[in-house]
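Report on the following structure.
The values are calculated or read from the model by the stated rules, or taken from the named source; none is laboratory data. As the structure is a computational prediction, the values presented were derived from the model and not from experiment. Reconstructed Cβ throughout: ideal geometry from the backbone, glycine too, with neighbour counts over all protein chains shown.
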Amino acid sequence: MCGGKCRHSLREVTTMYSKRILNALRVRKIEGSFSWIDHRFITGGFLRDLSAVEILLYFFLVSVSDRNGISFYHDDKICSLIKIGLTSLGEAREGLISKSLLAYEHPIYQVLSLPPQPVTPLGREAIMQQQRERVSRHMKRIREALQ
């Protein structure tokens, strides 16, 4: 090719290489349980907005969940298996929830079907502004009720 100095479209790259099995003795087969990741996770832009720990947690939960996306791993076991701390787990879990990829109700995790498009969570300032507006509306109702 061009030594990485030029850009080729996916179509050009696939025509340059023929898809073939490299090791016929080690072809993957579905035996026992099975998990999968929707290709849209990568091609639809969902992966782009995740941190490394969010990706790690998502892939772990996909690999251990049942056909409905449900798993029952406790936090300490997840941390031990994927080698992260509890704080990192909590932050990654909240990140996946805010991006509409995960539901969680201790100790149940559910990997959700992908939304039509990636969800961009609000930034900290936008969340604080929404909270201020909500408090302001409530205070206004209280004042009106007291008059």
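Descriptive notes on the structure:
- Filtering region 85-95 to residues that are of a type outside the set (Asp, Glu), touching a helix residue (DSSP H, G or I) at 6+ places or on another chain (Cβ under 9 Å) and within 25 Å of Val119 (Cα to Cα) leaves Leu86, Ser88, Leu89, Gly90, Ala92, Arg93, Gly95.
For (1) closer than 30 Å to Ile30 by Cβ; (2) free of Cβ contacts under 8 Å to residues at least 40 places away in the same chain; (3) under 17 Å from the mean Cα position of the chain (by Cα); (4) part of a helix (DSSP H, G or I), each residue gets a yes or a no:
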| residue | (1), (2), (3), (4) |
| --- | --- |
| Arg48 | yes, no, yes, yes |
| Tyr58 | yes, no, yes, yes |
| Ile84 | yes, yes, yes, no |
| Ser100 | yes, yes, yes, no |
| Tyr109 | yes, no, yes, no |
| Arg141 | no, yes, no, yes |
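- Filter pass, Leu101 being modelled with pLDDT of 95 or more and either closer than 19 Å to Ser35 by Cα or in contact with a helix residue (DSSP H, G or I) (Cβ under 8 Å, 6 or more places away or on another chain) (or both): yes
Yes or no, residue by residue, for (1) under 23 Å from Ser35 (Cβ atoms); (2) among the aromatic types (Phe, Trp, Tyr); (3) touching a Leu at 6+ places or on another chain (Cβ under 9 Å):
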residue	(1), (2), (3)
Asp49	yes, no, no
Ile55	yes, no, yes
Phe60	yes, yes, yes
Asn68	yes, no, no
Glu91	no, no, no
Tyr109	yes, yes, yes
Arg124	no, no, no
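- Residue within region 72-80 that is closer than 20 Å to Phe46 by Cα and assigned to a helix (DSSP H, G or I) present: no
- The set of residues in region 17-45 that are aromatic (Phe, Trp, Tyr) and touching a helix residue (DSSP H, G or I) at 6+ places or on another chain (Cβ under 7 Å) contains only Phe41.
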